[in-house]
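Peer 1: Have a look at this one.
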Amino acid sequence: MAETPTKPKFKLPSVAELKEGQIWKSIFRHKLDETPRNRSLAVLSNVFLHLHPAKINRDAVRYNYTWGMGGITFYLFLVLTITGVLLMFYYHPSKGQAYRDIMYIMHDVPFGNFTRNMHRWAAHSMIITTWLHMFRVFLTGSYKPPREFNWNIGVLLLLFTMLLSFTGYLLPDDQLGFWAVTVGTNMARATPVLGSEGPFGPQMGITAFNDVRFALLGGSIVDANALLRAYIWHCVAIPIIASVLMIVHFWRIRKDGAISGPAPVMIEQDLSGPVAKKA
Amino acid sequence: MDWHQLMIITTAPDNVPIVIMLFLMPFYTWYGLKQSFANDRLIEKLEADPELAKTHHRKTQPWVKGWDSTVHVWPYLLKIEFLAAIIVTLILVVWSIFLDAPLEEPANPNLTMNPSKAPWYFLGLQEMLVYFDPWIAGVVLPGIILGGLMAIPYIDVNPRGNGYYTYKQRKFSIWMFFIGFLVLWLVLIVVGTFIRGPGWMWFWPGETWDHHRIVHELNRNLHEFFGIKDSEVLKAAGFGATVVGAYFAVGGFACDRLFRKFAPEMVKKQNVAQYATTIALTVMMFGLPIKMLLRLGFTVKYVMVTPWFNI
Ligand code: HEM
């Protein structure tokens, strides 16, 4: 029986064949076999992963040194960005509407309550992990040269993390947020020289209508303008500032020679004699 | 005893994080100190045996000759980061399913909340309002805390302990940080969260919040203890300025003596600006517990009263 020549049938390519194809190669610039070269390329040729160096101190991957706190803080920031954007789809920063939107998110939006809860608990967690991260950096002396500047970036991140939480507190426009923000911004009134009730404020011609508190609230009371300002600080301005600071923070970690340790311990003899250089 | 009140505070959804933190902070303090002491023992061993120090890898982590000192980020670090992300996500998912974020009544400027508390992480600042006027508690002290934190790398001249846990080599800086962070900052938060009730009054755990409790204003300004009346403005201001000045002078002098005795190397290495900053920050930090003691123990209101501001 003679075979009749037919057109080759379409056959799904195997994974191995796919990896040789144009599409795969256009995405992944390296092979996957476990060679040191590929392991390095996996990190270096990926825009997100190249935040990392290709290789690091073997003991720095242990949990006990960094406690993973900086990384977890950053991860929580990402969670907050995602859940925050989802919440923004349903939220109007206007008096009256804001509170109704929160009710709507809680009761009607699919997974709305879950998203809101996650945003809230991730925010609280981020405060805790930032403090713990600072605590670890202190205990390992990682602010010492050459990392002084990065510690300072960190202090600013600490400030902005707390300001993010504070500005978010007002957004549900409920009693809790209203009074917390009232108490908080009343303190601004007492700013020396720039507050209407602060030392030397009145003497400088500062009133309730031109002091720092007025600038924060966009008025002399916590009302519609304050809600809008809190919203813009919370959803736009501070996230941008914090992101820029994080970019600098991460960049500096690399430029300061990666994570500080675990470094070989120093002994008193090193301070007088030549420092013994070892692993 | 009414433990119900404490229960209400502790289980308020927004307070769950601080309850968690009350466990995390001691744990991580222990965890860090444990590694510090391990390194301290290694340091002692190496200092006693300089020959060993020349060949030792100088870490408490295991080390075998021939091991690379570095590892690839992929997979050794990334797999851990991935795992951490999964664990954190799981915790958040479970937490978000079982605990709802609170929502109070709509904002109402005519209905004051009592007590009206900031979120727990700001309660340290709010508690400071008891002891200082808002311009100090809300503006100056936070500024000094941030400025002081930023100054740390520039005033800590000790080259030891850069990149490893140690207690022995950094006793002074570790004590200062523990007092400032673990004691002052966290204790103020705990007091603000668990102790303060309506009218920001002191209610011990187990006491019921009494919304009608009346306190007689017993607090007096310091100059009144010395027979100067509030109406004698100039005399009172002069007295207060002298006391505040004396506190800084005596405190500065005491710090100087103590530093010279207990941290002689720091004193020798620091330049004038570094030394002055260290002393100023120390004196101001201890000003807080001293003012707390004066207020809570001796019913002192202000130590310095002027027509423009009070301290
Ligand atoms: C939004 C807040 C922050 C984020 C996302 C963040 C992130 C990170 C990450 C991922 C690292 C790598 C090592 C690690 O995970 O521990 C790191 C290191 C570091 N961070 Fe932060 N950080 C934050 C806040 C802070 C604060 C508050 C401080 C100090 C006041 C600080 C000071 C430092 C320093 C000095 C290093 C280098 C540590 C070393 O080399 O061992 N950071 N940070």
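To keep it simple, each residue is scored yes or no on (1) at pLDDT below 90; (2) under 27 Å from B:Gly147 (Cβ atoms); (3) within 19 Å of the chain's Cα centre (by Cα).
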{"site": "B:Trp200", "(1), (2), (3)": "yes, no, no"}
{"site": "B:Trp204", "(1), (2), (3)": "yes, no, no"}
{"site": "B:Glu207", "(1), (2), (3)": "yes, no, no"}
{"site": "B:Arg220", "(1), (2), (3)": "yes, no, no"}
{"site": "B:Gly227", "(1), (2), (3)": "yes, no, no"}
{"site": "B:Ser231", "(1), (2), (3)": "yes, no, no"}
{"site": "B:Phe259", "(1), (2), (3)": "no, yes, no"}
{"site": "B:Lys269", "(1), (2), (3)": "no, yes, no"}
{"site": "B:Gly287", "(1), (2), (3)": "no, yes, yes"}
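Peer 1: Going by the structure shown, is B:Lys59 of a type in the set (Lys, Arg) and within 26 Å of the chain's Cα centre (by Cα)? Steps first, answer last, please.
Peer 2: Details: of a type in the set (Lys, Arg): yes; within 26 Å of the chain's Cα centre (by Cα): no.
No.
Peer 1: B:Lys301: out of contact with any Gly (no Cβ under 6 Å at 6 or more places or on another chain) and loosely packed, with under 13 Cβ neighbours inside 10 Å, yes or no?
Peer 2: Working: out of contact with any Gly (no Cβ under 6 Å at 6 or more places or on another chain): yes; loosely packed, with under 13 Cβ neighbours inside 10 Å: no.
Taking the combined requirement at face value, the residue does not satisfy it.
Peer 1: Still on this model: Could you figure out which of (1) outside any loop (DSSP other than H, G, I, E, B); (2) without any contact (Cβ under 8 Å) to a residue 60 or more places away in the chain; (3) under 21 Å from B:Ala118 (Cα atoms); (4) hydrophobic (A, V, I, L, M, F, W, C) isn't true of B:Trp204?
Peer 2: That leaves (1) as the condition not met.
Peer 1: Scan the stretch B:264-296 for residues that are buried (at least 18 other Cβ atoms within 10 Å of the Cβ), among the basic types (Lys, Arg) and either without any contact (Cβ under 8 Å) to a residue 24 or more places away in the chain or not in a helix (DSSP H, G or I) (or both) and report the count.
Peer 2: So the answer is 0.
Peer 1: OK, next. Which condition from (1) more than 24 Å from A:His119 (Cα to Cα); (2) in contact (Cβ under 8 Å) with a residue 24 or more places away in the chain is the one that A:Gly195 breaks?
Peer 2: A:Gly195 satisfies all of (1) more than 24 Å from A:His119 (Cα to Cα); (2) in contact (Cβ under 8 Å) with a residue 24 or more places away in the chain except (2).
Peer 1: Please give the helices (runs of 4 or more DSSP H) falling wholly within the stretch A:191-279 in which 3 or more residues are surrounded by 14 or more Cβ atoms within 10 Å (Cβ to Cβ) and of a type in the set (Gly, Ala, Ser).
Peer 2: Details: elements: A:212-217, A:224-232, A:238-255, A:268-272.
By residue number, A:224-232.
Peer 1: Counting only residues that are within 7 Å of another protein chain (Cβ to nearest Cβ) and without any contact (Cβ under 8 Å) to a residue 60 or more places away in the chain, give me the helices (runs of 4 or more DSSP H) lying completely in the stretch B:57-149 with at least 3 of them.
Peer 2: Values: elements: B:73-76, B:78-98, B:123-131.
Per the criteria, B:73-76, B:78-98.
Peer 1: Another question, if that's okay. Can you tell me which residue in the stretch A:147-176 is nearest to the chain's Cα centre (by Cα), limited to those that are at the interface with chain B (Cβ under 7 Å from one of its Cβ atoms) and away from the ligand (no atom under 15 Å from the Cβ)?
Peer 2: The qualifying residue nearest to the chain's Cα centre (by Cα) is A:Tyr169.
Peer 1: Another question, then. Where residues in the stretch B:39-57 are out of contact with any helix residue (DSSP H, G or I) (no Cβ under 7 Å at 6 or more places or on another chain) and surrounded by 15 or more Cβ atoms within 10 Å (Cβ to Cβ), which of them is modelled with the lowest pLDDT?
Peer 2: By that ranking, first place goes to B:His57.
Peer 1: Next up: Going by the structure shown, is A:Phe89 within 16 Å of the ligand (Cβ to nearest atom) and either under 23 Å from the mean Cα position of the chain (by Cα) or more than 13 Å from chain B (Cβ to nearest Cβ) (or both)?
Peer 2: On the way: within 16 Å of the ligand (Cβ to nearest atom): no; either under 23 Å from the mean Cα position of the chain (by Cα) or more than 13 Å from chain B (Cβ to nearest Cβ) (or both): yes.
For A:Phe89, the condition - within 16 Å of the ligand (Cβ to nearest atom) and either under 23 Å from the mean Cα position of the chain (by Cα) or more than 13 Å from chain B (Cβ to nearest Cβ) (or both) - is not met.
Peer 1: Could you please find all residues in the stretch A:239-257 being more than 11 Å from the chain's Cα centre (by Cα) and more than 7 Å from the ligand (Cβ to nearest atom)?
Peer 2: Matches in the stretch A:239-257: A:Val248, A:Trp251, A:Arg252, A:Arg254, A:Lys255, A:Gly257.
Peer 1: As an exercise: evaluate B:Pro153 against (1) in contact with a Phe, Trp or Tyr (Cβ under 6 Å, 6 or more places away or on another chain); (2) away from chain A (no Cβ under 13 Å) and give the number of the one condition it does not meet.
Peer 2: (2)
Peer 1: Can you tell me which condition B:Thr29 does not meet? The list is (1) more than 9 Å from chain A (Cβ to nearest Cβ); (2) in a helix (DSSP H, G or I), and all the others hold.
Peer 2: Here B:Thr29 meets the rest and fails (1).
Peer 1: Considering the stretch A:165-175 alone, what residues qualify as being free of Cβ contacts under 8 Å to residues at least 60 places away in the same chain and under 15 Å from A:Met103 (Cα atoms)?
Peer 2: Of everything in the stretch A:165-175, just one residue is free of Cβ contacts under 8 Å to residues at least 60 places away in the same chain and under 15 Å from A:Met103 (Cα atoms), namely A:Gln175.
The values are calculated or read from the model by the stated rules, or taken from the named source; none is laboratory data. The shown structure was predicted, so the numbers you read here are calculated from the model rather than taken from an experiment. Reconstructed Cβ throughout: ideal geometry from the backbone, glycine too, with neighbour counts over all protein chains shown.
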